[in-house]
1. Give me the pairs, please: first residue somewhere in the range 25-48 and over 16 Å from PHE87 (Cβ atoms), second residue anywhere and part of a loop (DSSP other than H, G, I, E, B) and not charged (D, E, K, R), beta-carbon distance under 6 Å, and either six or more positions apart or on two chains.
2. Filter the range 178-190 for residues that are within 20 Å of the chain's Cα centre (by Cα) and open to solvent by 70 Å² or more (accessible area, probe 1.4 Å) and give the result.
3. Checking LYS37 against (1) under 15 Å from the mean Cα position of the chain (by Cα); (2) assigned to a loop (DSSP other than H, G, I, E, B), which single condition isn't satisfied?
4. Quick check on my filter: what residues within the range 64-86 are surrounded by 14 or more Cβ atoms within 10 Å (Cβ to Cβ) and β-branched (Val, Ile, Thr)?
5. Within the group LYS176, LYS195, LYS132, which residue is of a type outside the set (Val, Ile, Thr) and closer than 30 Å to PHE5 by Cβ?
6. Would you say LYS204 is under 24 Å from GLU84 (Cα atoms), out of contact with any strand residue (DSSP E or B) (no Cβ under 8 Å at 6 or more places or on another chain), of a type in the set (Lys, Arg) and open to solvent by 90 Å² or more (accessible area, probe 1.4 Å)?
7. Based on what the data block shows, is LEU77 in a helix (DSSP H, G or I) and not hydroxyl-bearing (Ser, Thr, Tyr)?
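The values are calculated or read from the model by the stated rules, or taken from the named source; none is laboratory data. No experiment lies behind these values; they were computed from the predicted model shown. Cβ sites come from the backbone with ideal geometry, for glycine too, and all protein chains shown count toward neighbours. Ligands, DNA and RNA are stripped out before the accessible areas are found, and what is left, the full protein with its side chains, is counted by its heavy atoms. Shrake-Rupley method; radii C 1.70, N 1.55, O 1.52, S 1.80 Å.
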Amino acid sequence: FPHNFQDEYSADKIEVYYDSEKQLRYVLLDGKKLYFKKRWGKKKIQNLCSLLSKEQDIRSPHRYLTEQFRFEQGESLVDVGAAEGNFALSVVEKASRLILFEADKEWIEPLKATFEPWKEKVEIVNKYVGSKTDEKNTTLDDFLSNSKKGIFLKIDVEGAESSLLSGSKRILSEQKPIKIAICTYHKQDDEKEFKMLLTEKGFKTTHSDG
């Protein structure tokens with residue numbers, strides 16, 4: 001992690017707890033339980049949590065929100081590549097609805113445990129999101145309906161971002177309002193190509209510092 005502020009974070013200081021009923025370990029994120037994969041031990045969880053904190057530090061290029069780009073009360077969150085769900089958990093009380101896409105089956109059990117207190121407004125989908133729809137895949141166009149309150153798309157899909165956008169033409173064209181936080185560091189030309197595509201559809205784009 002190539003930033004000096006990483007030294008302000010210590011994995012060893014992160015408290016990891018065990019839920020004997022669910023048989024899962026968890027940490028507290030702003031007082032809310034964030035659960036992890038059943039086979040993960042304390043040290044692995046501490047290291048990941050330390051990295052997650054660094055990534056969402058206000059000084060980090062990986063941070064999804066800024067003072068100008070915020071998740072507002074009543075918006076719907078569509079979290080594509082939710083993993084452990086730390087971002088979704090950080091905005092769960094503001095969101096009117098949350099759809100969490102995660103292709104890794106091992107994350108589904110901890111995600112259900114984490115979002116159990118809000119299960120009536122959270123949907124967890126164990127599928128890849130891209131440019132086709134079948135048993136294991138879906139496009140955002142096929143899955144999502146438009147939201148009058150607005151949609152916030154958080155997209156981090158390990159290099160499949162371009163495929164996802166090609167399967168999201170209707171949502172990108174018709175959904176108003178819509179905000180998108182999308183990772184552009186997986187492939188060399190992603191930032192340039194995504195900016196061109198989104199600008200053509202009327203979006204105002206900017207990128208994080210760094």
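1. ARG25/VAL16; ARG25/PHE36; LYS42/VAL16; ILE45/VAL16; ILE45/PHE36; GLN46/ILE14
2. TYR185, LYS187
3. (1)
4. Those that are surrounded by 14 or more Cβ atoms within 10 Å (Cβ to Cβ) and β-branched (Val, Ile, Thr): VAL78, VAL80.
5. Sole residue among the options that is of a type outside the set (Val, Ile, Thr) and closer than 30 Å to PHE5 by Cβ: LYS195.
6. no
7. In short, no.
To keep it simple, each residue is scored yes or no on (1) touching a Pro at 6+ places or on another chain (Cβ under 8 Å); (2) buried (at least 20 other Cβ atoms within 10 Å of the Cβ); (3) at pLDDT 95 or above.
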residue	(1), (2), (3)
GLY41	no, no, yes
GLN56	no, no, no
HIS62	no, no, no
ARG97	no, no, yes
THR114	no, yes, yes
